[in-house]
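Structure first, then comments.
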Amino acid sequence: MTRLGVNIDHVATIRQARLTTEPDPVAAAVIAELAGADGITIHLREDRRHIQDRDLRLIRQVIQIRLNLEMAATEEMVRIALKERPDAVCLVPEKRAELTTEGGLDVIAGGGSLKKVIQRLRSKGIEVSIFVDPDPRQVIASRELNADAVEIHTGSYAGARGKALARELERIHRAVQTAREIGIGIHAGHGLTYQNVGRVTAIPEIEELNIGHSIISRAVLVGLERAVREMKALVNP
Ligand code: PXP
């Protein structure tokens with residue numbers, strides 16, 4: 001079974017567009033859970049452009065399924081995670097000017113300081129994954145830092161067409177193979193849609209997919225419950 005983590009950042013993005021109270025990501029988390037999501041994923045960004053500290057606190061209290069907090073490996077975020085205790089943290093790179101997370105974290109360059117962050121989170125029972133490009137070297141480096149899992153960046157696959165598509169899929173397969181051989185958990189996400197998720201769910205080693213934009217976009221038109229149910233059916237056919 002592949003877990004579906006529903007990323008609800010965009011619900012908060014709509015709220016922040018008017019700096020008001022609706023739509024509330026806490027309500028979205030509850031509806032996603034009722035619709036069959038296996039987890040809720042939120043990204044608390046340094047600039048608080050969508051998810052707010054209050055959302056994290058309340059969602060943590062309300063949902064029964066897994067809460068996965070995406071965050072930069074900064075002291076501020078580590079402190080927040082240690083206080084709020086999500087089930088899992090996904091360490092991501094963060095740039096102020098980006099529209100969304102652009103690339104994977106460079107685990108090889110991040111080395112020592114990342115290792116300390118991972119150790120602090122894991123010592124409190126928080127599972128740690130690292131968002132990495134589909135590159136076996138990054139997967140191996142993540143294992144060396146004692147991360148529980150890698151989340152393989154599927155954005156290049158999602159954006160690829162023609163011959164590049166097969167090439168990108170092959171990169172994902174190779175990264176998955178490496179992760180399997182060295183015994184680190186395997187998640188994937190970014191840019192996945194109702195149309196392109198099939199080739200990723202066909203890789204049985206992938207334990208968790210985190211999907212946001214496509215689900216929330218469909219939810220605007222057909223409702224969140226139906227959007228989550230339809231994606232869940234594709235993730236676990
Ligand atoms: N995984 C990570 C690490 C991300 O940063 C994001 C985007 O917030 C996602 C998955 C979900 O990407 P998308 O919104 O394109 O489905």
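What the table below lists for this structure:
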{"item": "Values of log10 I(q)/I(0), in the order q = 0.17, 0.26 Å⁻¹, for segment 146-231 under a Debye, Cα-only, solvent-free model", "result": "-0.72, -1.25"}
{"item": "Over the chain: Rg over Rh, Cα atoms, Kirkwood Rh", "result": "0.94"}
{"item": "Computed E for R199/N146 - FRET, C-beta separation, R0 30 angstrom, nearest 0.05", "result": "0.50"}
{"item": "With every protein chain in place, the chain: carbon and sulfur % of accessible area (1.4 Å)", "result": "52"}
{"item": "Where segment 150-192 is the region considered: accessible area per residue in Å², 1.4 Å probe", "result": "45"}
{"item": "Helical mean residue ellipticity (222 nm; -39500 (n - 2.57) per DSSP H run of 4+; nearest 500) of the chain", "result": "-15000 deg cm²/dmol"}
{"item": "For segment 86-143, accessible area per residue (1.4 Å probe, heavy atoms of protein chains only), Å²", "result": "48"}
{"item": "The chain, relative contact order [Cα under 8 Å, separation at least 6], %", "result": "21"}
{"item": "Gain in span if fully extended, E181 to K163, counting 0.36 nm per residue against the direct Cα distance", "result": "3.7 nm"}
{"item": "Cα centroid separation, segment 60-104 to segment 116-173 (Å)", "result": "15"}
{"item": "Between segment 180-237 and segment 11-29, the Cα center-to-center distance that results, in Å", "result": "22"}
{"item": "Per-pair calculated FRET efficiency, R0 = 41 Å: Q61 and R174 via Cβ, rounded to 0.05", "result": "0.50"}
{"item": "Separation in nanometres of the label points that stand 7 Å from Cα toward Cβ, at T100 and D53", "result": "2.8"}
{"item": "Globularity ratio of segment 61-130, using Cα Rg and 2.2 N^0.38 Å", "result": "1.11"}
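The values are calculated or read from the model by the stated rules, or taken from the named source; none is laboratory data. Here the structure is a predicted model, which means the values were calculated and not measured. Note that we place each Cβ from the backbone using ideal geometry, even for glycine, and neighbour counts take in every protein chain shown. Ligands, DNA and RNA are stripped out before the accessible areas are found, and what is left, the full protein with its side chains, is counted by its heavy atoms. Shrake-Rupley method; radii C 1.70, N 1.55, O 1.52, S 1.80 Å.
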